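The values are calculated or read from the model by the stated rules, or taken from the named source; none is laboratory data. Worth saying up front: this structure is predicted, and the values here are computed from it rather than measured. Using ideal geometry, Cβ is built from the backbone for each residue, glycine included, and neighbour counts are taken over all protein chains shown. Accessible surface is based on the protein model in full, side chains and every heavy atom, while ligands, DNA and RNA are left aside. Shrake-Rupley method; radii C 1.70, N 1.55, O 1.52, S 1.80 Å.
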Amino acid sequence: MDFIVKDAGDGDRAWILEKIRDWGADFVVTRGRRVYAAELSAFIAQEANSKRVGLLTYEIIGDQCEVVTLDAFVQFSGIGTALMKEAERAARDAGCRRLWLITTNDNIDAIRFYQRRGMTIAAIHIGAVAYSRKLKPSIPEVAANGIPLRDEIEFEMML
Ligand SMILES: CC(C)(COP(=O)(O)OP(=O)(O)OC[C@H]1O[C@@H](n2cnc3c(N)ncnc32)[C@H](O)[C@@H]1OP(=O)(O)O)[C@@H](O)C(=O)NCCC(=O)NCCS
């Protein structure tokens, strides 16, 4: 599959917000914090016909870069890998010491994906999704694969 990865521009903002809203609200919750991901820096994977096929939003605070959201709208075609590479490059360029992110215990594809991309588990925040759900009631009790959403898994890569 042919695509390029670009920095998100003003013309991408409405689409980004739509994609964030597909997850149930204008914001995501990470480590007990509402983050309005559509306002963050972002990378977009785009096909030659301009169709957007992937989105990664990230936030740099101090010397840490958090990947706040990552979506490959066509799975298993290298889009997630390409977007993560760009996030790593952006974090290094900004002088970050650590790239990190949160996923949840149900997300088997992501847990495999991040470990295969060189990230390691830094922490498991047991039961943290219950608090996230208070901030974002649209978070389901059970994922589509039948696993109850319960724990936040923090992945990291030291840069
Ligand atoms: C997790 C996610 C971002 C990965 O992106 P992707 O573009 O599908 O990933 P890539 O194509 O770059 O790499 C896919 C890997 O899965 C493997 N793969 C292929 N078919 C697979 C399958 N049926 N099941 C699981 N893995 C598979 C590929 O071989 C590759 O692994 P490897 O190179 O380590 O062997 C993507 O699946 C996604 O968007 N998921 C839904 C949203 C989500 O959960 N985001 C993460 C939130 S924290």
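Things to note:
- Test: residue in segment 53-71 that is over 25 Å from Glu154 (Cβ atoms), open to solvent by less than 50 Å² (accessible area, probe 1.4 Å), over 15 Å from the mean Cα position of the chain (by Cα) and within 16 Å of the ligand (Cβ to nearest atom): no
- Of all residues in segment 1-46, exactly one satisfies the criterion of being in a helix (DSSP H, G or I), in contact (Cβ under 8 Å) with a residue 24 or more places away in the chain, surrounded by fewer than 17 Cβ atoms within 10 Å (Cβ to Cβ) and among the basic types (Lys, Arg), namely Arg13.
- Matching residues in segment 78-95 - criterion: being open to solvent by less than 10 Å² (accessible area, probe 1.4 Å) and more than 30 Å from Ala144 (Cβ to Cβ): Ala91
- Boolean, Ser50 is touching a residue at least 12 places away in the same chain (Cβ under 8 Å), more than 13 Å from the ligand (Cβ to nearest atom) and not charged (D, E, K, R): no
- Scanning segment 112-131 for residues that are out of contact with any Lys or Arg (no Cβ under 9 Å at 6 or more places or on another chain) and surrounded by 17 or more Cβ atoms within 10 Å (Cβ to Cβ) returns Phe113, Tyr114, Met119.
- Failed item in (1) open to solvent by less than 30 Å² (accessible area, probe 1.4 Å); (2) within 13 Å of the ligand (Cβ to nearest atom); (3) within 16 Å of Met158 (Cβ to Cβ), with Asp106 passing the rest: (3)
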